[in-house]
Amino acid sequence: MTSYADTWLAWYYKVLSRSHSFVYTCETAPENLSFLVDAYAAHQPAVIDMRNSTPEWNMPYLKAKFAGAPIEVQARRNSTPDFETQSHMLRHVMPADAFIDSLISAKNDRYLTAQNARANRHVVDPLLSELGNFPSYLNRNFDRVFLWLGNDSMTPLHHDMTNNFLWQIFGTKLIRLVSPLLIRRLQCYSGVHSTLGWLDEQKAIANNLVFRDIMLAPGYALFIPVGWFHCVQSVGHTAMLTCTDFVWPNSWNEIHLQ
């Protein structure tokens with residue numbers, strides 16, 4: 001039986017999604033106060049224009065830049081049930097140029113993600129120096145900038161433990177957002193993951209869920225507040241950066257201790 005609290009939250013969320021833009025859009029990167037008030041403190045997703053700071057990377061450029069340097073990636077994703085929670089078992093080291101070549105046929109099966117970042121600093125950090133100016137509310141700290149590189153890669157429905165700034169460099173990603181107000185309908189396990197996997201229309205209807213799609217194009221960023229659920233589908237070859245070093249507190253524990 002649906003509880004009174006669940007019913008009220010679902011009603012509130014539907015009113016909110018219909019009466020508000022749902023996702024705050026910035027034509028240019030806003031200054032600290034505007035971003036803090038309208039997005040960060042408001043717990044509101046935001047699309048931000050980063051075209052003036054986005055480098056003109058592509059797969060051939062990255063292949064030449066990385067050459068044969070060894071990198072760690074995720075492999076065998078397509079043959080691994082629940083590959084998201086088993087990612088620590090999918091780590092695979094291979095030459096970077098061979099990895100990029102393999103993405104032609106290894107759609108979603110191989111993916112360079114944030115979870116591989118620590119092992120790949122020697123390769124990725126020199127590349128990050130080519131980035132343009134960061135917004136004033138983000139520290140230029142490469143230890144908190146994570147590269148995602150793949151082809152038709154999919155990340156199932158989950159929420160993160162930090163506020164995230166997803167900066168699309170090339171290619172396009174479909175990002176499907178679900179408010180944390182609906183968490184009781186998302187069949188969560190392992191803390192942050194949902195058993196729904198990719199949230200399609202049929203699953204949304206069956207679970208009385210409302211979602212919002214963002215097609216994140218090159219040169220744009222999406223701010224996803226901590227706790228907001230999302231699943232992600234790459235459209236072809238894509239490169240994206242996740243930045244988490246905001247000038248304000250940014251972790252689940254830090255936020256709850258304020």
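Report, by chain and number, residues whose modeled amide H sits under 5 Å from the one on Trp228, excluding near sequence neighbours (fewer than 5 apart, same chain).
Placed amide hydrogens put Asp160 under 5 Å from Trp228.
Can you show me the helix-derived [θ] at 222 nm for the chain, built from DSSP H runs with n ≥ 4 at -39,500 (n - 2.57) apiece and divided by the number of residues, rounded to the nearest 500. Write down the numbers at each step before the final one.
On the way: 7 runs with 55 residues, N = 258.
About -5500 deg cm²/dmol.
Taking θ = phi - 60°, what integer Hz values does the Karplus form 6.51 cos²θ - 1.76 cosθ + 1.60 yield along the range 195-201, in sequence order, with x for Gly and Pro?
5, 6, x, 7, 7, 9, 4
Among the lysines in the range 4-245, how many pairs, 8 or more places apart or on different chains, have alpha carbons under 28 Å apart?
Number of lysine pairs found: 9.
Amide H neighbours of Gly219 under 5 Å, at least 5 residues apart or on other chains, H built in the peptide plane: list them.
Gln168, Ile169
Using the crude model of +1 on Lys and Arg Cβ and -1 on Asp and Glu Cβ, and no other charge, please compute the dipole size for the chain relative to its Cα centre, in debye to 20.
Details: 20 positive and 22 negative charges, 84 e Å.
So the dipole magnitude of the chain works out to roughly 400 debye.
Every read-out reported here was derived from the displayed coordinates using simple, explicitly stated rules and does not represent laboratory data. It should be emphasised that the depicted structure is a prediction, and the values quoted were computed from it without experimental measurement. Here the Cβ is made from the backbone with ideal geometry for all residues, glycine too, and neighbour counts use every protein chain on show.
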